[in-house]
1. Can you tell me which residue within segment 299-319, out of those that are open to solvent by less than 30 Å² (accessible area, probe 1.4 Å) and part of a strand (DSSP E or B), is modelled with the lowest pLDDT?
2. Return the residues of segment 273-288 that are modelled with pLDDT under 85 and touching a helix residue (DSSP H, G or I) at 6+ places or on another chain (Cβ under 9 Å); say none if nothing qualifies.
3. Can you run down the residue pairs with Cβ atoms below 7 Å, 6 or more apart or on separate chains, where the first is in segment 15-36 and touching a residue at least 12 places away in the same chain (Cβ under 8 Å) and closer than 13 Å to Leu93 by Cα and the partner is open to solvent by 20 Å² or more (accessible area, probe 1.4 Å) and among the β-branched types (Val, Ile, Thr)?
4. Output the number of the condition that Arg212 fails; it satisfies all remaining conditions of (1) at pLDDT below 70; (2) within 21 Å of Gly67 (Cα to Cα).
5. Checking Val278 against (1) farther than 23 Å from Arg239 by Cβ; (2) open to solvent by less than 20 Å² (accessible area, probe 1.4 Å): exactly one of these is not met. Which one?
6. Kindly provide the set of residues from segment 365-386 that are closer than 20 Å to Ala426 by Cβ and not in a strand (DSSP E or B), ordered by number.
7. Checking Thr296 against (1) open to solvent by 20 Å² or more (accessible area, probe 1.4 Å); (2) under 27 Å from Leu116 (Cβ atoms); (3) β-branched (Val, Ile, Thr): exactly one of these is not met. Which one?
8. When segment 356-389 is examined, which residues are found to be small (Gly, Ala, Ser) and modelled with pLDDT of 85 or more?
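The values are calculated or read from the model by the stated rules, or taken from the named source; none is laboratory data. Since the model is a prediction, treat every value here as computed from it, not as a measurement. Here the Cβ positions follow ideal geometry from the backbone for every residue, glycine too, while neighbour counts run over all protein chains shown. Surface areas here come from the heavy atoms of the whole protein model, side chains and all, with no ligands, DNA or RNA. Shrake-Rupley method; radii C 1.70, N 1.55, O 1.52, S 1.80 Å.
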Amino acid sequence: MFRFPKVSAERTREIVREVSHGSKARGRFFVLLITASMIASFGLIANSTAVIIGAMLVSPLMTPIFGAALGILRGNPRLLGWSLWSEAIGITLAVGAAYLVGIPQLSFGDATPEMLARTQPNLLDLLVAVFAGFAGAYAMLDERVSPALPGVAIATAIVPPLATCGLCLSLGAWSGAGGAMLLFLANFVSILLVALAVFWAGGLARKGMYSRRRVFGHIGLTTTAFVVVVVILTNSLLRITKDRALESGIHKTLEEELALKHGTDLEELMHCRTSKGVQVLATVRSHSTISPRWVTAIEDRLESALGEPVDLVVRTIRSRDVCALGASLQVVHPNLDGDFLVEMSDDFEARESLASQVVREFFEDEPGFELTRIEYGISNNHEGVIVAYANSIRRLSKQEFGALESVLQERFNDPALHLFVSMNVASLQGRDGPQLVEWSNVQSAAPERAGELPGIREAIRIAVKHETNNEPIRMHFNWTGDHWRALVEVFGGEGLSPSAVAKIRSELPEQLAQRVELLIWRKSDFVVTEEGYSDYDTLVDSDLLQRSEQLRGLFQVSTLPSTTTSHKDAADSLLLDE
């Protein structure tokens, strides 16, 4: 059966002597404290729990707390003053040492989880301090318990918060420093109050100190401070509980929406409540960048579910961060104040971001269009100018350009806004040579209709060569829903008239002629040889093929044992022959 130990008079004198000696700040106290703070600082920066535990073993801060408790219980103002003075010096040195460690480490990177855990204290941290204080004080009374236990128990709650406070101050994170100092104060008050209770129950108080008035007079202030801290940290715990419920709702909504997008899943979720609403950063893995339109839809769903404004940013593993306003928010890793969304300070950057969003939305469903850069500026006439740089497989039509400019003018609320687009148009190559993007919807036809194309191609080729001196080189087809539109590229010496096109169409088999609308594009840039007509691309391709075959043959011959001709000599000889 457990019985609370009653300390003998001899053991009491020994405890008082040891605690009184350890509560006076001397050289060894300073050395151990600075060492412990630096070890804890490096452990926090490296996010190493093992290193932080090592700092706990070195710290001497537990003895002044016991000295303050004994000074109160035994009515010894000198011991109480020495203990509080040593604790104050210890706090200053621990924070200062961590501050010095943090100055050259300003670029050490993001705030680590070990640091963040000590900038937002809650009631659970207070309970840890209470039981740590009980373990340390009880070990002081019971001689059978290892003398190392008090130091470990107290340092668990004392050194890391002070080191975190110093690091936060060196980084200018005042909110994080305040949270870490609050955690220290909560731990200090909790340990002091528990030590008072344990020492009193163990019989360390002087005789005549047991009246309620005397007890209240000595520990009433500590109890009041403890109650205040409990209220503060209870509110913090309730806030954390609400935050977890909020995160659960956000996580559920995102998971439901991501399940509808093929090849996309949620990797990580972060949120932060601000005065403007809730900021959400969702990291997803996807083979394509999430569109602003999708982010806006999820943002609306989240706002409806949470009942408050939401700023959502979706980070894809393709390295681009997208929110409902394009890139109007810079996404950073969480700092020690808990913020991770930073608004752009430059108005021009915000306008470029808005222009980027509008252009991307406009061409979101357009294949082969890639926006590479957006620039916004003011002309000499004080009018807004947007220059967009894009890669595409076709040029914009006048109607598309006008519609896009109108949308930008509306979104910028600037009727005089001018849009210029620098298009890098690339040709679309296929097995049959260059393809026309505007004539590329063969896949929209039913399989049985698409199966007609080989026969239609051959029939058109025969009809064109039979009725004209032109040579068909490429054919492009569009399925309109009930018939084929065939654009035939031809070249040759004979002009074509509408009546000639109608005659060519009449030469087609009757069953095909009814389902084919024929258009003929006579190319003027052709090459005439003794053998006939050819387009330039085909001529160049033929020469390149012939040259590569010659090189291949020479390189193969040069590898035979009987030859002494080198690869370089063979290549030089070929170039001279040409």
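1. Thr316
2. Arg273, Ser286
3. Ala25/Ile89; Leu32/Val58; Thr35/Val58; Ala36/Val58
4. Single failed check for Arg212: (2).
5. (1)
6. Asp365, Glu366, Pro367, Gly368, Phe369
7. Every condition holds for Thr296 apart from (2).
8. Listed by number, the residues that qualify are Gly384, Ala388.
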